[in-house]
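Structure first, commentary second.
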Amino acid sequence: MRPAVVRSSLPWRDPEAVVRHLAATGDVVWRDAGVGAVRGRSVVGWGRAATGDVRDGGADRLWQAVRDDLLDVEPDSHPLGWAGWLGYGFGCRLLDRDATEGHRRAATASTVAADGDPADLALLDVDRALVFDHAARSVEAVARAGDPWASSLVETWADVPPEPPVPGPTRASSGAPPRPSPAGGTAPTSTST
């Protein structure tokens, strides 16, 4: 069984501002209530990424590991746990829509990702998260007991702006003339965010 879940409150910050400021600290998933949401919840979660492909059996092994893990879910652990997406081919296999009988390792060429395509199964085992309640304008940090993330988050939280930055005028929209290109002609105009 996984360690218990610990929750702590933080002052309100807009989810977009948090993602812009903290998302680079690892693999992240963001489920958003929407731009300018006044109700609902947004969740930003961090964890260990895992991918698998149907071609080499990795998707089947990962899916079985997720199923086994879900047998041992502790109460009150939401939003921690598995998040991610299923590729079309793997989804077809789960629904048995790939012209096979039952859940088999074989799949048709039309439903399997080709080399260079995104993985058939891409998941994140979320072990720490922020839950934003837009109506209450509250933020809750959720992590496993013993994880130092919550205390380190408190130290960096003050650096996160309360609202996302407002986009300013870009050079392209400011009426500034295009810059000349070293090879002659016009160079692309840069933008700022």
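The values are calculated or read from the model by the stated rules, or taken from the named source; none is laboratory data. Quick caveat, the model's predicted, so the values are computed rather than measured. Cβ coordinates were reconstructed from backbone atoms using ideal geometry, including for glycine residues, and neighbour counts include every protein chain displayed. These accessible areas exclude ligands, DNA and RNA; they are computed on the full protein's heavy atoms, side chains included. Shrake-Rupley method; radii C 1.70, N 1.55, O 1.52, S 1.80 Å.
Residues that are buried (at least 19 other Cβ atoms within 10 Å of the Cβ) and aliphatic (A, V, I, L, M) within region 44-65 comprise 44, 50, 54, 59, 62, listed in sequence order. Taking region 4-34, which residues are in a loop (DSSP other than H, G, I, E, B) and either at pLDDT 90 or above or open to solvent by 70 Å² or more (accessible area, probe 1.4 Å) (or both)? Within region 4-34, 11, 12, 13, 14, 32, 33 meet the criteria. Among the residues of region 56-77, those identified as assigned to a loop (DSSP other than H, G, I, E, B) and without any contact (Cβ under 8 Å) to a residue 60 or more places away in the chain are 56, 57, 71, 73, 75. Scanning region 66-96 for residues that are open to solvent by 70 Å² or more (accessible area, probe 1.4 Å) and hydrophobic (A, V, I, L, M, F, W, C) yields a count of 6. Quick check, is residue 152 at pLDDT below 75, exposed (fewer than 12 other Cβ atoms within 10 Å of the Cβ) and of a type in the set (Ser, Thr, Tyr)? Spelling it out, it is not the case that residue 152 is at pLDDT below 75, exposed (fewer than 12 other Cβ atoms within 10 Å of the Cβ) and of a type in the set (Ser, Thr, Tyr).
Residue-wise test of (1) out of contact with any helix residue (DSSP H, G or I) (no Cβ under 9 Å at 6 or more places or on another chain); (2) touching a residue at least 60 places away in the same chain (Cβ under 8 Å).
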residue	(1), (2)
15	yes, yes
30	no, no
37	no, yes
46	no, yes
